[in-house]
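The values are calculated or read from the model by the stated rules, or taken from the named source; none is laboratory data. All values reported here derive from a predicted model rather than from experimental measurement. Quick reminder, even Gly has a Cβ in these numbers, built from the backbone with ideal geometry, and neighbours come from all protein chains shown. For accessibility, only protein heavy atoms count, side chains too; no ligands or nucleic acids. Shrake-Rupley method; radii C 1.70, N 1.55, O 1.52, S 1.80 Å.
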Amino acid sequence: MTQTLDQVKALYERYTEQATALEQNRKIGEGLLGFGKKPADDPCHMQFAEELAALLRTFAAEVPDSFQATQISEYVFRAQSEYRQILSIYWMLSAVHGAVEPLIPCLSDEDARRLLALYDKEVPRRERLPVQKQIYKLLKKQCR
């Protein structure tokens, strides 16, 4: 396992623990009708997205091999499925799929095909956000 994958996993763990705590400590009615602060407004969500994007940009600049790029991409693509019941976390973990964009050119044809199949399974077409549609297109293009 690569050092970067370990860093990605640690970042996800910190974020999901923090965001889950926000949801668990939410007061009844908080954020309803626009009053009060809701957990989705916490800066931890954007901080997570920015840290992940920076980490993956740095990693991509090192031109990793296809195996390493695939491992990290697969982790990012699968992560949101655990959090379907906590929407603020689920949607953020879905939105950060765009952070893998710099890794896609590092993928072999075979790995890109495998990730494309995984993406079809993990992120059904009808549920894809615009960023996820873009990632799907880039994966498809990488399948030369």
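Data table
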read-out	value
Checklist (1) more than 11 Å from residue 73 (Cα to Cα); (2) open to solvent by less than 60 Å² (accessible area, probe 1.4 Å) applied to residue 105, failing item	(2)
Failed item, numbered, when residue 85 is tested on (1) closer than 18 Å to residue 20 by Cβ; (2) assigned to a helix (DSSP H, G or I)	(2)
Residue match in region 47-65 (condition: more than 18 Å from residue 11 (Cα to Cα), of a type outside the set (Ser, Thr, Tyr) and part of a helix (DSSP H, G or I))	yes
Complete set of residues in region 42-75 that are in contact with a Pro (Cβ under 7 Å, 6 or more places away or on another chain) and open to solvent by less than 70 Å² (accessible area, probe 1.4 Å)	56, 60
